[in-house]
Every structure is written in C-alpha cells, then in structure tokens.
Amino acid sequence: MLTRSIAPSIYGMAQVKQSLMLQLFGGVSRKNDDGTRSRGDIHILLMGDPGVAKSQLLSYMAQLSPRGRFTSGMSASAAGLTAAAVQDANADGRWTLEAGALVLADLGLAAIDEFDKMNDSDRSSMHEAMEQQRISIAKAGINASLQTRCAVLAAANPKAGRFQPISDVPFTAQINLAPPLISRFDVIWVMTDVPKTELDTAIAAHILSTRASGTSETLIAEGTALDPSRGVSQATSNNDGEEILDTNLVKKYVAYAKRNIQPEPTKEASEMLVAYYVETRQQGGSGSDSIAITARAIEGISRLAEASARIRLSDTVEVEDAERALRLTKLWRMELMGDDFDETTLQTGKKTTARSKERTILDTVRDLASSSDQGIADLNEVLNDLDRKRPLALRCGGPHRAHGHRRQTASSSRLRHPDGGLRSTVALISDLCVACAWRSP
C-alpha cells in the first residue's frame, strides 16, 4: 500500500516507487568510535528519456517528505544549492549566509530536476554535501559549516536526448555527469520510453482517467469545490480501485519512523549481505581492472535494508529486509550495465578495455623514455613496441597506416614525432598509438 501511495497519478513504475519509498524512510545515520560518520540518507538518480514522468516523481516526493525542497538545475547555482553570502541591509551591511536548497532540506529530501543542465563547477559543490552531508563555507569573512543531512533525489536526461540500448552504447558514454558524482548515488534507474502496445494502452487509459477524476482549479479558487490535496482521510483509492494512504498520513508515518525506529541488523541479515558482497566481488576476477562492487555500494545496500525495517516499524533488520534491498540493487544494476556490471567503469567513466589499453601505452612510453639518454621516447619505437605486444591477428601492419583517432592520457614522458617535434603525452598520445596498434578489433 505504501508503494502505491507514491505518486498514484503516475502509472506503473513499481520498483522505482518502492526505492523512493525506501528513500523517504532512509537508513540510520551513525557516528563511529573514531569520530567518523556514516550517513543514513539514500541518494537516488533517475536517468531517463523525456516524458517518462521524472519531474512529476520529484515534485511529489518533495511534497511528501516532511522537509522536502524542489529545485531545478536549469536555474540553480552552487550558492543556490548550498549557501550564499549576502549583505544584510538591516544589519549595517554586514555579511550573512543565506541557506540554499540542500541546507533547507536538512533532515528531509532535496529533489533536483534537470541535474545534467547544471554547470560542472556548480555540480562539484554537491560532492561534500552528498557524502559528508555538510558544506564548508569560507566567504566574505564568514567561516562556517552547515548541515545538509538530506536525501538527494535527482533527475537527468541523456546527452543525446534519448537513451540508446545499453548493449550498444555504455551508460557512462550517454550521460553528462562526472563519474565521481555518479558514484555517490545509492540507486540509479534508467527510465526508457519504449513503445509497447499493452503498456501504452494502460498508460493512456490511466492518464485520461486521472484527468477526468481531477477537480477544476478554477472551481477550487472560487471556493465552490474542495481542494483534494487538503483532504484529511487516512485512506483513499486510486483510479484503479486500489487502496492508498493519504499524503498527510504518509508524512506522519515517515516522521514517526525516522524519529523512533533505529533498526540494528540481525546476524542472518548481515551474513546475507556479506555473502552477496563477497560473491559479487569474485565475479570481477582477481585483477584490479574490473571491480563488480565496492565498499561504498555495500553501504548503500545496508541503508536500503534499514529503510525496509523502518517501514515495518521494526527495531531489527531481518532477512526479508536484506532480500528486498538486494532485489532492488540487482535490478537497477542489471538495467544499468547488464550482466557485466563494473563499478570501476561507473566511477571512472571508462570501460575496462580502454583503461587497460591506456595503461599499456603509458607504460611503454615510460619504459622507452627511461632508457633514452634524453628521456624522450620516439613515437615510431612506441608504436613498434605496442604492435609486438598485440596478438598477431590484431596487428595493423605498420605505423605508416595510422591516422586520426586521439585519446587523452596522463604522463610526464615525451614523444618524438616522425616530423622531428616533441609532444608531451600529458596532452595527447594521438594518431599512431591508438588508431593503429591499439584500435579495438
């Protein structure tokens, strides 16, 4: 019933709504003996095609949360999200801090729409606010630390406007968000708009039914009709005849649970999460190139399990809570990257094969440069060495055929180009290296 009470005017999306309900209740924030803090708030990112109701979900969640705030990345700046230093005309022109959306949403939820439209510099201010859940201010002679202990619900669109199949184009190549910021979200949903006759029919019928059952705003303004959003009933029904909870009751339910329920995991639930973590880690192999799951991810799963226990008003996290958290986690990870989920790709924005190739190129440049009296590697020598390292069937036949493709690299070594000039690999290893000896088969 609780899941159905999330945005009942929006058809379907049961799993997404379930994760949003868990976000409302949240996990338990804890302070450790060494002074460190573990956040309990759950951060969720909705990445999807236009017209899949992302903005409506955000707006509803901001209203449903006891301390919810809604803002748009189109107009929000770093100061608008965190805090701005302003001169107070009523205080002799002294500088004061004006709280932004994240600070105002402390102990609540901050919904940020059009997350991808924000400037990179503005988005970078989110890092500390999301993980440490505080912001450090040093402006106009003011030094302060403000609390941002809120769950973040963000929505963004793909760079190309619509998502291409993940099997064709990796998720990280389709979004305009920095990998370090993406890694701070506990749940990431990919919401695509794919034509399906049965589903499209149900959605269209639901939309028309919802509009027909709504109350005219003109009549509400005139006082001739009651505003349904101000109802006091504790349970109503949606347009499909299913029972749902009234918004006011949900708010009270969430506030009570967060204030009074601080669940602790049982041994069985902990063992289930540990087993999943270890098993998933092994799927990535013993090397460091591909990591299927990280410690940050298991923290997110534990928060989901604690939120599930809070919904039940239970002081213990049981196996059923762990199962619910794992079920949601497996689902969004599958939709995001398929069977071969790579946490490192999500955090770096590069696939394992690309990272491996770049590392091999850089190692070759460094080795040849270190053996040279001038500390410079000749580009032809680099290419020949790389060509020898490739399987015979994948070699390109010589450096003179290479052209075009360039890849960003980071190294202090330098290359001598066949034209006689020196090029630092801090900027580029171009043309010959990647296009010829290291092009994808």
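The values are calculated or read from the model by the stated rules, or taken from the named source; none is laboratory data. The structure displayed is predicted, hence computed values, not measured ones. Using ideal geometry, Cβ is built from the backbone for each residue, glycine included, and neighbour counts are taken over all protein chains shown.
Looking at segment 121-178 only, could you name the residues that are under 19 Å from residue 52 (Cα atoms), of a type in the set (Gly, Ala, Ser) and crowded, with 21+ Cβ neighbours inside 10 Å?
Of the residues in segment 121-178, the ones under 19 Å from residue 52 (Cα atoms) are 153-166, 171, 174-176.
Next, from what is left, pick out any that are of a type in the set (Gly, Ala, Ser): 154-156, 160-161.
Matches in segment 121-178: 154, 155, 156.
Going by the conditions given, is residue 333 free of Cβ contacts under 8 Å to residues at least 40 places away in the same chain, part of a helix (DSSP H, G or I), at negative phi and crowded, with 18+ Cβ neighbours inside 10 Å? If you could, list the steps in order and put the result at the bottom.
Numbers: free of Cβ contacts under 8 Å to residues at least 40 places away in the same chain: yes; part of a helix (DSSP H, G or I): yes; at negative phi: yes; crowded, with 18+ Cβ neighbours inside 10 Å: yes.
Yes, satisfied.
Does residue 234 count as touching a helix residue (DSSP H, G or I) at 6+ places or on another chain (Cβ under 7 Å) and either more than 30 Å from residue 80 (Cβ to Cβ) or at pLDDT below 75 (or both)?
In short, yes.
Out of the residues in segment 1-47 that are closer than 17 Å to residue 187 by Cβ and hydroxyl-bearing (Ser, Thr, Tyr), state the one that is modelled with the lowest pLDDT.
By that ranking, first place goes to 3.
For segment 126-223, which fully contained strands (runs of 3 or more DSSP E) count at least 2 residues that are more than 26 Å from residue 68 (Cα to Cα)? I'd like the intermediate steps shown before the answer.
Values: elements: 134-139, 142-147, 151-156, 187-191.
Output list reads 134-139, 142-147.
Within segment 17-27, is there a residue that is under 21 Å from residue 182 (Cα atoms) and in a loop (DSSP other than H, G, I, E, B)?
For segment 17-27, residues under 21 Å from residue 182 (Cα atoms) and in a loop (DSSP other than H, G, I, E, B): present.
Being in contact with a strand residue (DSSP E or B) (Cβ under 6 Å, 6 or more places away or on another chain), over 16 Å from residue 131 (Cβ atoms) and surrounded by fewer than 22 Cβ atoms within 10 Å (Cβ to Cβ) narrows it down to one residue among 38, 55, 19; which is it?
Exactly one of 38, 55, 19 is in contact with a strand residue (DSSP E or B) (Cβ under 6 Å, 6 or more places away or on another chain), over 16 Å from residue 131 (Cβ atoms) and surrounded by fewer than 22 Cβ atoms within 10 Å (Cβ to Cβ), namely 55.
Taking segment 255-280, which residues are crowded, with 16+ Cβ neighbours inside 10 Å and over 23 Å from residue 41 (Cα atoms)?
Result: 280, single match.
Of the residues that sit in segment 48-67 and are touching a helix residue (DSSP H, G or I) at 6+ places or on another chain (Cβ under 8 Å) and modelled with pLDDT of 90 or more, which one is nearest to residue 245 (Cα to Cα)?
61
Any residue in segment 150-161 that is more than 16 Å from the chain's Cα centre (by Cα), on the phi < 0 side of the Ramachandran plot and not aliphatic (A, V, I, L, M)?
Taking segment 150-161 as the starting set, the residues that turn out to be more than 16 Å from the chain's Cα centre (by Cα) are 160-161.
In the following step, the residues that additionally are on the phi < 0 side of the Ramachandran plot were identified as 160.
Within this subset, residues satisfying the condition of being not aliphatic (A, V, I, L, M) are none.
Looking through segment 150-161, none of the residues is more than 16 Å from the chain's Cα centre (by Cα), on the phi < 0 side of the Ramachandran plot and not aliphatic (A, V, I, L, M).
Looking only at residues that are part of a helix (DSSP H, G or I) and not β-branched (Val, Ile, Thr) in segment 93-120, which one is surrounded by the most Cβ atoms within 10 Å (Cβ to Cβ)? Step through it out loud before you land on a result.
Restricting attention to segment 93-120, the residues satisfying the condition of being part of a helix (DSSP H, G or I) are 101-104, 115-117, 120.
From what is left, the residues that are not β-branched (Val, Ile, Thr) are 101-102, 104, 115-117, 120.
Values: 101: 22, 102: 29, 104: 16, 115: 27, 116: 17, 117: 16, 120: 10.
Of everything passing the filter in segment 93-120, 102 is surrounded by the most Cβ atoms within 10 Å (Cβ to Cβ).
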